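Following: one structure in structure tokens, then a few remarks.
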Amino acid sequence: MDETVAEYIRRTVLKIPRSEIKTMLQKWGFLSEAQLQTINFGQIKENISQDVVQLCEENSADIKQAAVLDIIYSHIYPDKRVWHVYQMNKTGEETAFFDLMDFKKKFKRRLRSALKNVTINFREYEDNAIWIRIAWGTPYTKPNQYKTSYVVYHSQTPYVFISASVLKSNLPLLCQALVVAANYRDIREMELRGHSLNSLKDIVFKRYSQNFQSYYPRPLQERKVAPESDLRIVQENKNEKERIQSVNREVFGDGPQPKLEFAQYKLETMFRSDPKMDVLDKREPFRCLVKFSSPHLLESLKSLAPAGMADAPLSPLLTCIPQKARNYFKIREKKAFIPGSFVSP
């Protein structure tokens, strides 16, 4: 067995929590049950990894088997990566029968026609998800197995999830191979990314319970505000809490929110002043960047109004994230300037 393969297997085993190593090796299926029985899984991980490598040596493992183990690990722990969402487009609305073998053949042929030093491995899962692992080389160097790109494609859908450690020059090659293999016309990156692959899928496949545009707040003058001295203040507060809960439910729904870690907003606006004042010599727009981050951003936003930290409903710029399937926004003024009015293209 090649030394680089042995080292890669050793490092992959070391990434796995010790309590899950045996289960993951069983899913791998490269080592027999009898071989697994010879490993003491109660010892330190370094010794376990050495024992695994020794057994792989007996079985003459190559990079293909090592890559499969890495795919299994990445499938179980997808949140270790940052995933970017892409959408493919067809010329028409026609749907073609999906042939997995044809997809694999076209993908490999397209990628290897542009770059010889590349390793490509596939693994299919029960939810029609095809996991693709690509290790990139150069015309003069072997593929780097420690800087890989991962692609998750659900057949019969236009969505692709890519986690890429790839040179900018190689990313177009990867996208071209996907378009050709899946029989689409083109592909574009959506303004949506995050660590939780399942939540990104929930958003683009509309598998969440969030509601939108169903609540229209009453005009300010119609809202009842009880004076502090009014004896009905307790009832008024109770009614307000019920209103907030109702609005929150209409906006966010009853179910759990998709997990995103951040949302980013780029603001571009012009400074307006009397021309006679001559405050600015240059008519350049002001730009600023606002980023909201949280271990679970949408659930955090959902809790703001009930906690009394924000008015209900929240700004649509915050609540529209799953609906628009994006967490990157650019906010510019409308062409026909109206003070206070902005658009997000």
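Structure summary
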quantity: Whichever lysines have a C-alpha closer than 18 Å to that of K291, once near sequence neighbours (fewer than 8 apart) are set aside; calculated: K259, K266, K302, K324, K330
quantity: Segment 126-166, Cα convex hull volume normalised per residue, Å³; calculated: 81 Å³
quantity: Long-range HN-HN contacts of K90 with modeled amide H, under 5 Å; calculated: R185
quantity: Pairwise FRET efficiency - S303 versus Q54, Cβ, R0 = 56 Å, nearest 0.05; calculated: 0.60
quantity: Estimated vicinal HN-Hα couplings, Hz - segment 139-149 in sequence order (Karplus 6.51, -1.76, 1.60; Gly, Pro = x); calculated: x, 10, 10, 6, x, 8, 6, 9, 10, 10, 9
quantity: Cα gyration tensor shape for segment 1-139, rounded if a/c is under 1.5, else prolate or oblate; calculated: prolate
quantity: Note, ³J(HN,Hα) from phi for segment 309-316, Karplus 6.51, -1.76, 1.60, rounded to Hz, x at Gly and Pro; calculated: 9, 7, 6, 10, x, 5, 4, x
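Values quoted throughout were computed directly from the atomic coordinates according to the rules given, and no laboratory measurement underlies them. Bear in mind that the values here come from a model prediction, so they are computed numbers and not experimental data. Heads up, the Cβs are rebuilt from the backbone with ideal geometry, glycines too, and the neighbour counts pull from every protein chain shown.
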